[in-house]
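Peer 1: Have a look at this one.
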Amino acid sequence: MRRRAAEYRRPVRRRFSNWIWALFGLFSVAGLVLLVVNHNQHEDRVEQPVLMMNNLFIIFHIEPAIMERNTRLEQVAHESLNFTEEILSARSFSRQLAEQMTLAKAYVIIAKEHNNLHLAWELSSKIRSCQLLLSTAAMRGEPVTLEEAEPIIKSLSYLIFRAEDAHYDIATTIMTMKSHIQALEERANAATVQSTVFGQLAAEALPKSLHCLNVKLTADWLKKPYLQRLADEKRNSPRLVDNNTYHFCLFSDNVVATSVVVNSTVSNADHPKQLVFHIVTNGINYGTMQAWFQSNDFKGSTIEVQNIEEFSWFNASYSPIMKQLLDADSRDFYFGGYQDMDVVPKLRSPKYLSLLNHLRFYIPEIYPQLEKVVFLDDDVVVQKDLTPLFSLELHGNVNGAVETCLEAFHRYYKYLNFSNPIISAKFDPQACGWAFGMNVFDLIAWKKANVTARYHYWQEQNANGTLWRLGTLPPGLLTFYGLTEPLDRRWHVLGLGYDLNIDNRLIESAAVVHFNGFMKPWLKLAIGRYKPLWERYVNQSHPYLQDCVTS
């Protein structure tokens with residue numbers, strides 16, 4: 001078929017084709033305009049070049065993607081809001097509210113002191129509103145807005161202005177707060193001293209059950225002559241001076257505590273009949289001790305009880321500590337109360353000045369025929385056989401003891417006054433401290449080194465109390481300096497009278513556990529976790545103990 005000439009073709013088709021192209025071009029221009037506008041609106045968050053602009057399909061897919069990404073960014077920004085940074089920001093309303101609230105709290109106190117209770121109530125009410133707004137903002141994780149903060153800021157500003165107008169100025173506020181802080185510090189210090197004194201009194205007070213036991217035993221000693229005859233017979237026993245046996249010495253006025261030490265020692269000894277115990281007590285408790293140890297059997301061990309008041313050589317002309325205790329000024333300082341706030345109350349405890357406590361420096365004078373002894377405090381419990389201590393090599397030293405500087409800060413500078421040239425010239429401040437409570441003493445080496453004379457020298461040097469405060473450990477550190485042999489720490493574990501967190505494995509491996517501290521095992525304030533270690537060696541079946549506990 002022949003194709004018609006151009007002038008005979010249908011004009012309608014050409015017009016239709018032009019219309020389509022015009023429409024398509026119009027949509028393309030519109031799409032380009034929309035894309036440019038959208039790009040300008042989101043150029044800080046989305047940078048995406050337009051690769052194809054010839055159809056609207058791309059535009060309608062890009063716009064939802066951009067919106068979705070913006071939403072995610074807003075969520076991340078919302079989650080990462082740090083309210084601490086917000087309240088520290090100088091431009092935030094949260095900080096303004098916090099600062100006004102702090103100032104308002106100070107004015108509340110001042111208003112109350114000036115009996116302006118209405119102003120104090122208004123300030124307190126606005127402070128609560130401020131706290132509520134800040135807590136709400138912190139919970140939702142969004143900053144405080146102007147609409148939320150403005151009414152509270154205005155109200156607080158008005159109230160603070162009223163307070164200042166009432167002459168509660170900043171200078172008055174500062175002085176008032178300083179006086180409050182000083183008063184609180186004084187009350188806190190007084191409460192600390194008072195609690196320490198009460199704890200000390202509780203530790204030193206004799207429980208009613210022990211007092212009851214002492215009364216019953218003293219009555220037995222006075223009413224039963226055979227107990228006194230038995231004690232006289234044992235006083236002359238050759239075993240008391242036999243160096244082939246194992247000798248232990250205790251100085252105490254607590255009959256139950258001493259009994260636990262003896263009972264725990266013999267219960268864990270391989271050969272208890274080879275043990276000899278030398279006990280020294282005071283005149284008040286001498287009959288009590290004798291009645292108890294003469295009427296109870298401790299697996300065949302030998303027990304000697306002596307009265308310190310019968311030691312005629314132990315007098316003021318020989319012993320500096322005895323002379324100091326007889327001095328009126330010293331007694332007033334040590335026993336006249338706790339007015340000096342710089343002195344820790346426990347360091348003024350009469351326990352530290354007890355003559356029984358200082359007898360440990362006179363062991364060769366008390367037992368002149370013995371060669372080696374093991375000294376035990378009355379607040380220890382023995383868990384293993386101690387006879388191997390007598391065969392330990394002390395390498396010429398006098399004192400075998402467990403060092404304590406591994407446990408904390410127990411070095412010489414903590415016990416002694418190194419600002420005094422007498423101390424600083426002769427001792428190393430970093431020297432390791434050691435423990436009294438379980439000590440092996442070589443009495444032959446003791447006499448050779450004249451240790452008691454060294455103790456007398458340092459006690460005389462400290463007559464004015466400037467070298468150390470009180471107690472027997474500081475003079476012991478000086479007296480046995482260079483004469484102490486370190487023992488394995490498993491021989492002696494300390495702290496059961498104050499430390500709640502001693503490792504159970506360390507306690508189980510210990511030959512001796514020591515209840516040093518205020519929380520003695522025979523008191524109600526004892527640490528319950530450790531108390532069974534001590535109670536298992538109390539003779540609960542004794543009728544006197546049963547009567548005294550139930551009564």
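Peer 1: Can you work out the accessible area per residue across the stretch 83-168, with the rest of the protein chains kept in place, probe 1.4 Å, in square angstrom?
Peer 2: Roughly 59 Å² per residue, with all protein chains present.
Peer 1: Mind ranking THR466, THR387, THR192 by accessible surface for me, highest first, 1.4 Å probe?
Peer 2: From most accessible down to least: THR192, THR466, THR387.
Peer 1: For GLY433, which sequence-distant residues (separation of 5 or more, or a different chain) have an amide H within less than 5 Å of its own amide H, given hydrogens modelled in the peptide plane?
Peer 2: Those lying under 5 Å, H to H, from GLY433 are THR404, CYS405, ARG411, TYR412.
Peer 1: While we're on this one: Over 20 Å intervals from 0, what percent of Cα-Cα pairs in the stretch 208-550 sits in each interval?
Peer 2: The calculated distribution, bin by bin, is 29, 61, 10.
Peer 1: Answer rounded, prolate or oblate for the stretch 376-507, using the Cα gyration tensor with square roots of eigenvalues a ≥ b ≥ c: rounded when a/c is under 1.5, else prolate when a/b is larger than b/c, else oblate.
Peer 2: oblate
Peer 1: Give the lysines reachable from LYS414 as a straight Cα distance under 28 Å; neighbours fewer than 8 places away on the same chain don't count.
Peer 2: In chain and number order, the partners are LYS323, LYS346, LYS351, LYS426, LYS520.
Peer 1: Further question on the same structure: In whole percent, how big is the carbon plus sulfur part of the accessible area of the stretch 208-550, probe 1.4 Å, protein atoms only?
Peer 2: Summing carbon and sulfur atoms, their accessible area is 51 percent of the total for the stretch 208-550.
Peer 1: Still on this structure, I have one more. How large is the accessible surface of ARG454 in square angstrom, using a 1.4 angstrom probe and rounding to the nearest 10?
Peer 2: Taking all protein chains as shown, ARG454 has close to 70 Å².
Peer 1: From the cross-link list LYS273/LYS384; LYS372/LYS447; LYS105/LYS178; LYS105/LYS154; LYS234/LYS384, which pairs have alpha carbons spaced over 23 Å apart?
Peer 2: LYS234/LYS384
Peer 1: Share of antiparallel DSSP beta bridges in the stretch 208-550, in percent to the nearest 5?
Peer 2: 40 percent
Peer 1: Further question on the same structure: Rounded to the nearest Å, what's the spacing between the alpha carbon centres of the stretch 479-538 and the stretch 377-434? Just the number, please.
Peer 2: That distance is 16 Å.
Peer 1: Calculate the all-directions average of the projected area of the stretch 83-168's alpha-carbon convex hull, and give it in nm².
Peer 2: About 5.3 nm², averaged over all directions.
The values are calculated or read from the model by the stated rules, or taken from the named source; none is laboratory data. Note that the coordinates shown come from a computational prediction; the quantities given were computed from them, not determined experimentally. Surface accessibility is based on the protein's heavy atoms, side chains included, excluding ligands, DNA and RNA. Shrake-Rupley method; radii C 1.70, N 1.55, O 1.52, S 1.80 Å.
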